[in-house]
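Let me begin by presenting the structure, written as structure tokens, before commenting on it.
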Amino acid sequence: MNEFHDAQQDIAVHGARAGDFVRLGDTELVIRVESDDRQRGNELQIGFGKNARDGMGMQSTRPSQSCDVVITNVLIIDAVQGIRVSSIGIREGRISAIGRSGNPDTMDDIEVVVGSGTVIIPGEGLIATAGGIDSHVHAMAPRVCDAALSSGITTLISQEFGPFWGVGVGSAWALGHGHKQFAAWPLNVGILGRGAGSTNAPLFEALEGGVCGFKIHEDTGAHPRTLDTTLTFADEHDVAVALHTDGLNEMMHVEDTIAAIAGRAVHAYHVEGCGGGHAPDVLKLAGLNNILASSTNPTLAFGINAADEHVAMIISAHGMNPELPSDIEIARRRVRQATMAAENRLHDMGVIPVTSSDALGMGRADDTWRKTFAMASMFADRAILDGSVAPQDVVVENERVLRHVAKITINPALVHGLSHEVGSLQVGLLADIVLWPYRSFASKPNMVIKSGIPAWGVVGDPGSTVANAQPLTISAQFGAFGASAAELGVHFTNSMSTAHVAGRRSVPVRNTRTIRGTDMVRHGVLGSIDFDAHVDANDYTVRFNGDIITCEPAQVTTLTRKYVI
Amino acid sequence: MELTPSELDRLLIFTASRVAEDRRARGTKLNHPEATALISHAVLEAARDGATHAQAIQAGLTAVKPSELLDGVATMLSGISVEAVFDDGRRLVVIDFPSTPDSSSPGSVTRLEPLPALESEDIVTLAVRNDSTINISVTTHMHFFEVNPRLLFDREAAYGRHLFIPAGEHIDFPAGLTTSVQLVPISGNRILIGFAGLVDGPLDAPGAQAEAMRRARELGYLDGGAS
């Protein structure tokens, strides 16, 4: 065999090693593996004729003294851990160790002890990320949860649980049902209360009902009094506030909204503005330290059809009527190519720290990983891998990839006060882990592990001799059944509420009021955003700290056409 | 029709393949699910029409042409498994669509620097003869001292050692033949629990090796130079 074949055989068996270049899906994103915790010759492998055997690669101890589950030799892409090959040990649903796996009796420097009874999930050829956190969901139908899980999302921050436009729920009685309903899925779920109160009265009831934060939305009032009441209340009770600003400029301009927020932490949803908010310049909220900005996925990977789909989407999602010319007019004002182009740039620059879906309310529940990385790919430099460039000189996208992973994992966890439980692959956090084939990274996961148990993923013909016979579908695994679904997920709540669902753990959110833009992992770039208006009222030039920020819409974006029927 | 869950699943293949067939007929280049559906469908239909297993594989391999696929999709079509209903019952068919991946292929791994060879400073080379009548295979992390008693070699020289081959591979010892192997020391804490029970403790404890040799001889493990 020649060198190339030797290399391809080694890669087929062991996956990528330190120094290897891996293309993520069909994107332009090529990463270089920074390190590999394995020792050559002692790589742990499970199967017929392999070394994960009692006394060899596995120690004859109780799993409770080693680990319950280990994901071996997987390529970790994590905003905190970086890009490395390692093994992830899991005990009672939490990550217990990350490092070289095996039997310390027969192998050097073992950090993840594998017991003879440990479940081994082979990770060779797979990428492990933390479970995605979708911080902007309208659960208008139960199957939105299926869509989210099928795309690698394990935490939802929802504003409803039913086919009604809630933009936050205030009734403690209704919230009690919502928590019970979400317990049917192996998901962490927090529900936002409706932050539409001129007094504390409605906010108190939502708090008692177990919300993890509040949503202020112009459809139910995003006025100075509402803003101040909700933010003051949130400060008193340590819960997050998500904001969809006054898009009509009915009572205030964006500057007035900033003044009303008065330096307090707030999560600015769909900051580009197409999803709603001060027209045309809500984007000015991005870049301020107390305002944690996010995008919703239809405008990401800014494409040639992005603007055209949005007028109809706005009318349909917001209870408007296409027969009413005034409705058409205000919808049109929300759709601007210039701010879409600028938004994509601001993501690449590390100014906007979070991506989300706006599922069933102007976004796609199963598209956030895909669109986030399609956007990253738009700005990537082409890696030259034909050997004409020395390995150390090949331009790779590790930093860009880690920045984009942060947008859908650790940063939304920080913004919503969840980072003591989820958001990255760190010892002590829930083992919410998504395994992706290299070839379909961010587009279609292979397995979604919820609190250490495979809960969703690729399943095949149920009557087959093997588990992977066509037709393969991405759907429920065992963790989604029985009492496990409830136990594997967390109900994110507040520290005052006693609302509780049998079998599901309630966890108060924390540190939501002190979080700032500069705390955002691999982001934290601050600055001022300004608009130069042109003759055409819907045409603008957007500047960041004085520099024009724009990009051309992409003709073709990655991670969709090759993967989705 | 009394369809089972497995039969219902097969109808998904049919539906997807019709969509893909329509798209192909329009000259549309196929993506990963479309091509997979056409390949799977071709296998099912060949089996239905009485094909043998080998003929069904051929039907799958020729179900789509590389020129009908979007760039890079051919490299994503490895290991397509499908269970078809043959005349002798349901059988598993696996199609590995031929392709030549390169660094632009989806999910490709490029290694520009060759992996250095496995190294060890302490290698023992032994001749090992299989004195039985059937093949014996030994994996990497087996304590070679405790392998099948019917292998004849210098047991003492193999104490505390395992095969010096890449993890996950094995060496065959054909019946009646002598095979040369390289052994390296077991690493870590050097504690062997289990196996054939010849050591069942720290390898380097005082007297452990002599006791293991005694047990091996008592149990009839072949020991000695092989040629």
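No lab work stands behind these numbers, since they all come straight from the coordinates. Small disclaimer: the values here were computed from a predicted structure and weren't measured. Note that each Cβ is placed from the backbone with ideal geometry, even for glycine, and that neighbours are counted across all protein chains shown.
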Is the shape of region A:101-152 rounded, prolate or oblate, going by the alpha carbon gyration tensor and its root eigenvalues a ≥ b ≥ c, with a/c under 1.5 for rounded and a/b larger than b/c for prolate? prolate
What shape does the protein assembly as shown take by its C-alpha gyration tensor, where a ≥ b ≥ c are the square roots of the eigenvalues and a/c under 1.5 counts as rounded, a/b above b/c as prolate, and the rest as oblate? prolate
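How do A:ASP432, B:ASP204 line up, fewest other C-beta atoms within 10 Å first?
Ascending Cβ contact count within 10 Å gives the list B:ASP204, A:ASP432.
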Tell me, what is the percent relative contact order of region B:124-218, built from C-alpha pairs under 8 Å that lie six or more residues apart? 31
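What does the structure give for B:89-96 when I average, per residue, the other chain Cβ atoms found within 10 Å of the residue Cβ?
2
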FRET efficiency for B:ALA127 and A:ALA18 from the Cβ-Cβ distance with R0 = 35 Å, rounded to 0.05, comes out at 0.45
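Report, to one decimal in Å, the Kirkwood hydrodynamic radius for region A:364-506 based on all distinct Cα pairs.
Radius from the Kirkwood sum: 18.0 Å.
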Euclidean distance between Cα centres, region A:130-188 to region B:40-63, Å: 44
Based on the Cα gyration tensor of region A:53-114, what are the three equivalent ellipsoid semi-axes, each the root of five times an eigenvalue, rounded to whole Å and given largest first? 21, 13, 8
How about region A:1-52: which trypsin sites (Lys or Arg not before Pro) there are in a DSSP loop, with at most 16 other Cβ atoms within 10 Å of their Cβ? A:ARG40
Please compute, for peptide B:163-174, the average count of beta-carbon atoms on other protein chains lying within 10 Å of each residue's beta-carbon. 4
In degrees from 0 to 90, rounded to the nearest 10, what is the angle of the helix A:368-378 Cα long axis to the longest principal axis of chain A? 90
Here the longest stretch of chain A that holds no chymotrypsin sites (Phe, Trp or Tyr not before Pro) in a DSSP loop having at most 12 other beta carbon atoms within 10 Å is A:165-480
Once the other residues with Cβ under 9 Å from the Cβ of A:ALA469 are scored (Lys, Arg +1; Asp, Glu -1), what is the net sum? -3
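Using a 10 Å cut-off around each Cβ, can you sort A:LEU360, A:LEU243, B:LEU44 from fewest to most neighbouring Cβ atoms?
A:LEU360, B:LEU44, A:LEU243
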Relative contact order for chain B, counting Cα pairs under 8 Å that sit 6 or more residues apart, in percent: 14
If Rh is defined by the Kirkwood formula over all Cα pairs and Rg also comes from Cα, what ratio Rg/Rh do you get for region B:98-200? 1.12
Looks like region A:459-565, by Cα gyration tensor root eigenvalues a ≥ b ≥ c and the a/c under 1.5 rounded cutoff (else prolate when a/b is bigger than b/c, oblate otherwise), is oblate
In Hz, Karplus ³J(HN,Hα) per residue of region A:190-195 (6.51, -1.76, 1.60; θ = phi - 60°; x = Gly, Pro): x, 10, 8, x, 7, x
Taking the 0 to 90 degree range and rounding to the nearest ten, how far is the long axis of helix B:208-218 tilted relative to the main principal axis of chain B, both from C-alpha atoms? 80
Which angle between 0 and 90 degrees, to the nearest 10, do you get for helix A:398-408 versus the longest principal axis of chain A when only C-alpha atoms count? 60
In nanometres, what is the gap between the two model label sites at A:SER388 and B:ALA25, each 7 Å from Cα along Cα-to-Cβ? 4.4
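Work out which GluC sites (Glu not before Pro) in chain B are exposed loop sites (DSSP not H, G, I, E or B, at most 16 other Cβ within 10 Å) and give the longest gap free of them.
Here the longest segment lacking exposed loop sites spans B:3-118.
I need the fraction of alpha carbon pairs in region B:5-95 separated by more than 15 Å, rounded to a whole percent.
Working: 2249 of 4095 pairs.
Counting every Cα pair in region B:5-95, those more than 15 Å apart make up 55 percent.
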Taking beta carbons within 10 Å but only from partner chains, what does the mean come to for residues B:36-48? 1
Lys and Arg at +1, Asp and Glu at -1: neighbours of A:TRP173 with Cβ under 11 Å from its Cβ sum to -2
How many nm is it between the label spots at A:GLU208 and B:ALA210, if each spot is 7 Å from the Cα in line with the beta carbon? 8.1
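Percent antiparallel among DSSP beta bridges with both residues in the protein assembly as shown, to the nearest 5?
60
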Taking 7 Å along the Cα-to-C-beta vector as the label spot, tell me the A:ASN398-B:GLN55 distance in nanometres, rounded to one decimal. 5.5
Could you tell me what fraction of 2.2 N^0.38 Å the Cα radius of gyration of chain B comes to, as a two-decimal ratio? 1.55
So if we plug the beta-carbon distance of A:ASP235 and A:ASP532 into 1/(1 + (r/R0)^6) with R0 = 45 Å, what FRET efficiency do we get, rounded to 0.05? 0.80
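Given A:LYS371/B:LYS29; A:LYS284/A:LYS444; A:LYS371/B:LYS65; A:LYS284/A:LYS562; A:LYS284/B:LYS29; A:LYS450/A:LYS562, which pairs have Cα atoms separated by over 32 Å?
Table pairs above 32 Å Cα-Cα are A:LYS284/A:LYS444; A:LYS284/A:LYS562; A:LYS284/B:LYS29.
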Which percent of Cα pairs goes in each bin when the distances of region A:1-104 are cut into 5 angstrom slices starting at zero? 2, 11, 19, 22, 18, 14, 8, 4, 1, 0
Return the aspartates and glutamates within reach of A:LYS407: Cα separation strictly under 12 angstrom, same-chain partners fewer than 8 residues apart disregarded; answer none if there are no such residues. A:ASP78, A:ASP134, A:ASP348
Compute the relative contact order of chain A as a whole-number percentage, counting only Cα pairs closer than 8 Å that sit 6 or more residues apart in sequence. 19
Arrange the following residues from fewest to most other Cβ atoms within 10 Å of their Cβ: B:LEU30, A:LEU292, A:LEU559. B:LEU30, A:LEU559, A:LEU292
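Given the peptides A:332-342, B:126-136, arrange them by the average over their residues of other C-beta atoms within 10 Å, most packed first.
Highest mean packing first, the order is A:332-342, B:126-136.
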What is the sum of charges, Lys and Arg at +1 and Asp and Glu at -1, for the other residues whose Cβ falls under 14 Å from the Cβ of A:VAL137? -3
Neighbour-limited loop hits for GluC sites (Glu not before Pro), region A:290-399 (at most 13 other Cβ within 10 Å; DSSP other than H, G, I, E, B): A:GLU323
